[in-house]
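The values are calculated or read from the model by the stated rules, or taken from the named source; none is laboratory data. Every value quoted in this text rests on a predicted model; they were computed, and no experiment measured them. Please note: Cβ atoms are built from the backbone with ideal geometry, for glycine as well, and neighbour counts cover all protein chains shown. In case anyone asks, the SASA skips ligands and DNA or RNA and just uses the protein heavy atoms, side chains included. Shrake-Rupley method; radii C 1.70, N 1.55, O 1.52, S 1.80 Å.
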Amino acid sequence: MLSIRNLEVSYGDYQVIRGVSMEVYVGEIVALLGPNGAGKSTILNSISGLQSAQAGVIEFDGVHIESMPSHKIVRLRLAHILERRRVFPYLTVYQNLWLGGYNPTVRDERKRNLERVYELFPKLRERETQLAHSMSGGEQQMLALGRGLMADPKLLMVDEPLLGLAPSVARHTIEVLKQINQKGVTILFIEQNVQTAMSLAHRGYVLESGKVVIEGTSSELLNSGEIKRVFLGG
Amino acid sequence: MTREIIIQALISGLLMGFIYALVAAGLSLIFGLMEIVNFAHGEFMMLSMYTTFWLYTLFGLDPLLSIPICIVLLFVIGVVTHYGIIRHILDAPMLVQITATFGLAIFLRSLAQFLWSADYQVIDDPIVSGRIEIWGIYLGLPQVVASAGCLLAFGFLYYFVNRTETGIALQATAQDREAAGLMGIQTNRMFALGWGIGASCVGVAGALISSYYMVFPDVGIIFALLAYVTVAMGGFGSLIGALIAGIAIGLIEAAGAILVSPAFKYGIIFLCYLAVVLLRPKGLFGRF
């Protein structure tokens with residue numbers, strides 16, 4: 001479904017992604033792991049068109065998207081939920097969700113998609129008229145996920161969905177992501193904690209200094225000695 | 001000093017406040033959207049006033065009728081400014097952004113002086129003229145019409161920004177450019193739209209006040225200066241803040257002129273402005 005080959009990204013003179021290749025297949029949940037500054041967010045940003053790549057190919061559903069602007073990529077049903085939720089703080093919950101269905105591909109299906117989101121997150125319906133910034137972190141994460149789902153994505157990319165959440169809320173979020181996946185949405189997500197990530201993902205890629213250093217299924221990664229070196233050093 | 005004079009002055013101030021509010025709303029919209037101050041805002045207003053003046057002088061078109069023309073023309077000027085200049089300096093250092101719009105202001109002012117001379121021009125016989133009397137208070141009809149028109153335009157702007165889908169998308173772009181792009185919003189188009197609408201605000205205000213205000217190349221300076229104060233006082237990016245602060249400034253100006261001295265009216269405005277920014281730096285309704 002998503003295929004990245006030899007991706008290279010630089011910020012000015014500094015190369016942050018040095019030839020990354022990865023695959024995400026239909027129906028999977030794939031984790032992108034690695035220490036801070038490894039380039040995880042940069043990869044997601046390059047896929048969704050927020051960051052332009054210097055070299056490499058990104059193919060989604062058979063379409064080359066490496067030089068497409070972000071407002072066109074979302075039309076292909078690829079949604080990206082940014083780190084720290086990034087809901088529109090001074091718009092209401094309803095307005096946030098409605099904008100999630102702004103792109104022309106899903107514009108006509110907004111009402112149906114909104115009902116689906118409300119089924120998944122009943123709390124958002126209760127909070128419809130509340131301004132997004134006045135909600136708790138967990139609620140904002142629900143809103144960010146709901147807003148992403150309004151684009152009726154085939155692939156949902158989530159950057160650190162559990163960041164800053166209380167343990168119980170984080171567990172709930174993991175369950176919600178599993179539910180979303182069971183409904184047929186492929187998921188690619190970023191997470192710092194290997195144990196947590198592997199409880200959700202089928203497969204994972206471990207990134208270090210802009211390169212993929214380990215890849216494998218969840219159990220392979222959990223038993224890998226290499227992963228300790230990446231995260232703990234030495 | 002009689003009560004009538006004070007009431008009359010305050011009502012005139014209130015009327016002036018609606019005009020300041022619309023001019024400031026245009027400036028605030030652009031700033032809220034992309035954090036760029038349009039230093040050519042007053043010059044845009046000057047262009048609208050000259051357009052009105054020439055349509056009247058050459059074709060006998062009344063200032064009221066040139067409002068729609070000025071809205072469209074200024075919208076186009078705003079959009080062209082975005083695509084021609086602003087788009088290229090979006091991520092440039094602040095000094096570059098300031099110099100760019102400030103340079104545009106000087107260019108437009110000089111151009112006006114070159115083309116139409118520095119002389120003061122007046123529209124001598126507009127349809128709306130004379131004065132009206134309400135409960136013993138006399139008001140110039142052009143002033144009343146201009147203020148009502150500006151308030152109406154402000155109402156339209158407020159409705160557009162808060163109740164239409166494009167308006168909501170505009171707000172989303174202002175609040176988070178990247179997230180808006182991920183929703184499928186073409187943020188560059190939103191910026192152009194913001195410039196178009198922001199310039200149209202002074203298009204309306206300029207056309208309306210032309211029927212009683214003199215037209216000359218530097219006419220925009222004081223309006224823009226007051227608009228910066230209004231926006232800073234009301235809070236950057238807030239339309240309601242622009243309305244409240246615009247009215248406040250109109251009232252302070254009028255009160256200062258009769259209670260202290262007309263020569264000090266702007267000084268008093270700037271004193272009040274200093275007080276607001278010292279006590280509440282983000283302005284009355286600001287988020288930044």
- Query: Where residues in the stretch A:150-159 are of a type outside the set (D, E, K, R) and within 22 Å of A:SER199 (Cα to Cα), which of them is surrounded by the fewest Cβ atoms within 10 Å (Cβ to Cβ)?
  - Reply: A:LEU155
- Message: Conditions first: (1) at pLDDT 95 or above; (2) open to solvent by 40 Å² or more (accessible area, probe 1.4 Å); (3) not small (Gly, Ala, Ser). A:GLU208 passes all but one, so which condition is the exception?
- Response: (1)
- Message: Among the residues of the stretch B:259-273, are any closer than 26 Å to B:GLY167 by Cα, of a type in the set (Val, Ile, Thr) and part of a helix (DSSP H, G or I)?
- Response: no
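Quick grid of which residues meet (1) open to solvent by 10 Å² or more (accessible area, probe 1.4 Å); (2) part of a helix (DSSP H, G or I); (3) closer than 30 Å to A:ARG85 by Cα; (4) of a type outside the set (Phe, Trp, Tyr):
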residue: B:ALA180; (1), (2), (3), (4): no, yes, yes, yes
residue: B:GLY184; (1), (2), (3), (4): no, no, yes, yes
residue: B:ARG189; (1), (2), (3), (4): yes, yes, yes, yes
residue: B:GLY194; (1), (2), (3), (4): no, yes, yes, yes
residue: B:ALA199; (1), (2), (3), (4): no, yes, no, yes
residue: B:VAL204; (1), (2), (3), (4): yes, yes, no, yes
residue: B:TYR212; (1), (2), (3), (4): yes, no, no, no
residue: B:PRO217; (1), (2), (3), (4): no, no, no, yes
- Scanning the stretch A:70-92 for residues that are in contact (Cβ under 8 Å) with a residue 60 or more places away in the chain, touching a His at 6+ places or on another chain (Cβ under 9 Å) and under 27 Å from B:SER238 (Cβ atoms) gives A:VAL87
- Item | Answer from B:ARG131, B:ARG87 - the residue that is open to solvent by 70 Å² or more (accessible area, probe 1.4 Å) and in contact with a Leu (Cβ under 8 Å, 6 or more places away or on another chain) | B:ARG131
- Can you name every residue in the stretch A:95-114 that is polar (S, T, N, Q) and within 9 Å of another protein chain (Cβ to nearest Cβ)? A:GLN95, A:ASN96, A:ASN103, A:THR105
- Go through (1) buried (at least 21 other Cβ atoms within 10 Å of the Cβ); (2) closer than 19 Å to B:MET183 by Cα and name the single condition A:LEU162 misses. (2)
- Note on the structure: In the stretch A:225-234, anything farther than 13 Å from A:LYS40 by Cβ and crowded, with 16+ Cβ neighbours inside 10 Å is listed as A:ILE227
- How about the stretch A:77-94: which of its residues are more than 7 Å from chain B (Cβ to nearest Cβ), part of a loop (DSSP other than H, G, I, E, B) and at negative phi? A:GLU83, A:VAL87
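Of all residues being out of contact with any strand residue (DSSP E or B) (no Cβ under 8 Å at 6 or more places or on another chain) and touching a residue at least 60 places away in the same chain (Cβ under 8 Å) in the stretch A:162-184, which is farthest from A:MET135 (Cα to Cα)? Just the residue, please. Working first, answer last.
Within the stretch A:162-184, the subset out of contact with any strand residue (DSSP E or B) (no Cβ under 8 Å at 6 or more places or on another chain) is A:162-176, A:179, A:182-184.
After this cut, where a residue has to be touching a residue at least 60 places away in the same chain (Cβ under 8 Å) as well, the list is A:163-164, A:184.
Numbers: A:LEU163: 16, A:GLY164: 14, A:GLY184: 29 Å.
Filtering the stretch A:162-184 for residues that are out of contact with any strand residue (DSSP E or B) (no Cβ under 8 Å at 6 or more places or on another chain) and touching a residue at least 60 places away in the same chain (Cβ under 8 Å), the one farthest from A:MET135 (Cα to Cα) comes out as A:GLY184.
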- Inside the stretch B:154-169, can you point out the residues that are more than 11 Å from chain A (Cβ to nearest Cβ) and assigned to a helix (DSSP H, G or I)? B:PHE154, B:GLY155, B:PHE156, B:LEU157, B:TYR158, B:TYR159, B:PHE160, B:VAL161
- Sole exception among (1) more than 18 Å from the chain's Cα centre (by Cα); (2) touching a residue at least 12 places away in the same chain (Cβ under 8 Å) for A:ILE187, by number: (1)
- Message: Here are the criteria: (1) free of Cβ contacts under 8 Å to residues at least 40 places away in the same chain; (2) more than 12 Å from chain A (Cβ to nearest Cβ). Tell me which single one B:THR187 does not satisfy.
- Response: (2)
- Query: With respect to A:LEU7, is the statement that it is open to solvent by less than 30 Å² (accessible area, probe 1.4 Å) and closer than 24 Å to A:PHE121 by Cα true?
  - Reply: no
- With A:SER46, A:SER67 as the choices, which residue is more than 10 Å from every other protein chain (Cβ to nearest Cβ) and either in contact with a His (Cβ under 9 Å, 6 or more places away or on another chain) or in a loop (DSSP other than H, G, I, E, B) (or both)? A:SER67
- Task: State whether the residues of the stretch B:93-114 include one that is assigned to a loop (DSSP other than H, G, I, E, B), of a type outside the set (A, V, I, L, M, F, W, C) and on the phi > 0 side of the Ramachandran plot.
- Result: no
- What number of residues within the stretch B:26-66 satisfy the criterion of being in a helix (DSSP H, G or I) and among the hydrophobic types (A, V, I, L, M, F, W, C)? 16
